[in-house]
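*Asks:* Once you've had a glance at the structure underneath, I'll fire off some questions.
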Amino acid sequence: MTVYYARHGETSWNKSHKIQGRIDVPLSEEGRMEAEGLFMKLKDVPIDLAFSSPLKRAIETAEIALEGRNVEILKDDRLLEIDYGDFEALSHNDDKILRQRGLFSCRYPNGESYLDAASRLYPFFDELKKKYLGKNILVVGHLGIARIVNSYFLNMSNEDFINFKIGNCELLSYEFRK
């Protein structure tokens, strides 16, 4: 069983280096072109089922990437981006964000922690393994949760976790072993 994970395409907030979190910003023109590039990366890859964060930028990316296929895209709230609370709309380089990023169990003010997000994402992937073994699944989500997804499949040091990045419409693959 292979799980393909893709981050959504670019938004205007990505371009201006703002934390989006749960703010529902749609894809930019560049983001739509990136999603078309993801379509090309996936064109020869058999996908049986897809899951997406319910935020517009992820859904639209999944729809473009799977255009013309008879593949159901299921929206799942567990794939929502981390709730950065009061830090949403701040710059990615803001000192408050940089300090908070390494505090895995501390919640962002009026938001959630990485541990909170892992507590919803790990069971999601456990469920995929149980229900869909033998299937190829596309999951479209966000940068913040990509760190947690990567940590589900691979052992990561704290430093690796903090520094892990995935570009817009970058595609990663992970294998579930029987």
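The values are calculated or read from the model by the stated rules, or taken from the named source; none is laboratory data. Treat the numbers as computed from the prediction; the structure is a model and nothing was measured. Counting neighbours? That spans all protein chains shown, and the Cβs are built from the backbone with ideal geometry, glycine included. Ligands, DNA and RNA are stripped out before the accessible areas are found, and what is left, the full protein with its side chains, is counted by its heavy atoms. Shrake-Rupley method; radii C 1.70, N 1.55, O 1.52, S 1.80 Å.
*Asks:* Taking only protein heavy atoms into account and a 1.4 Å probe, give the accessible area per residue of the stretch 130-178 in Å².
*Replies:* On a per-residue basis, the stretch 130-178 sits at 53 Å².
*Asks:* A further question follows. In nm, to one decimal, how far is the residue 86 label point from the residue 131 one, both placed 7 Å along Cα→Cβ?
*Replies:* 3.7
*Asks:* Something else about it: Once every Cα of the stretch 17-100 carries one equal point scatterer and solvent is ignored, give the base-10 log of I(q)/I(0) from the Debye formula at q = 0.17, 0.20 Å⁻¹, two decimals.
*Replies:* Reported log10 I(q)/I(0), two decimals: -0.77, -0.94.
*Asks:* Still on this structure, please answer the following. Which entries of 41/75; 43/131; 75/131; 43/135; 15/75 show an alpha-carbon separation above 19 angstrom in the structure shown?
*Replies:* Flagged as over cut-off: 41/75; 43/131; 15/75.
*Asks:* Moving on to the next point. Taking the chain as a Gaussian network, Cα atoms linked when under 10 Å apart, which of 41, 130, 165 shows the biggest mean-square fluctuation?
*Replies:* Maximum among the listed residues: 130.
*Asks:* Calculate the spin-label point distance for residue 67 paired with residue 32, positioning each point 7 Å from the Cα along the beta-carbon direction, and give it in nanometres.
*Replies:* My value for the distance between the label points is 0.9 nm.
*Asks:* Which one, 11, 108, 28, projects farthest toward the positive side of the charge dipole computed for the chain from Cβ point charges (K/R +1, D/E -1)?
*Replies:* 108
*Asks:* What does the helix-only formula give at 222 nm for the chain: each DSSP H stretch with n ≥ 4 adding -39500 (n - 2.57), the total divided by the residues, and the result rounded to the nearest 500 deg cm²/dmol? Intermediate results must be reported in sequence, preceding the final value.
*Replies:* Details: 7 runs with 70 residues, N = 178.
Calculated from helices alone, the mean residue ellipticity at 222 nm is -11500 deg cm²/dmol.
*Asks:* Mind checking which aspartates and glutamates have their C-alpha under 16 Å from residue 165, skipping anything on the same chain fewer than 8 residues away?
*Replies:* Excluding near neighbours in sequence, the set is 10, 81.
*Asks:* Report the gain in length on full extension from residue 170 to residue 94: 0.36 nm times residue separation, minus Cα-Cα distance, nm rounded to one decimal. Kindly include the intermediate steps, with their values, before the conclusion.
*Replies:* Working: separation 76, 0.36 × 76 = 27.36 nm, distance 2.47 nm.
Extra length available between residue 170 and residue 94 comes to 24.9 nm.
*Asks:* Between 0 and 90 degrees, rounded to the nearest ten: what's the tilt of helix 29-42 against the longest Cα principal axis of the chain?
*Replies:* So the inclination is approximately 40 degrees.
*Asks:* If you line up the Cα atoms of the chain on their principal axes, what length do they span on each, largest first, in Å?
*Replies:* Principal extents (largest minus smallest coordinate, Cα): 44, 39, 24 Å.
*Asks:* Next up: Take every Cα-Cα pair in the stretch 81-154 and report what % of them are more than 19 Å apart.
*Replies:* On the way: 1053 of 2701 pairs.
Here the long-distance tail beyond 19 Å is 39 percent of all Cα pairs in the stretch 81-154.
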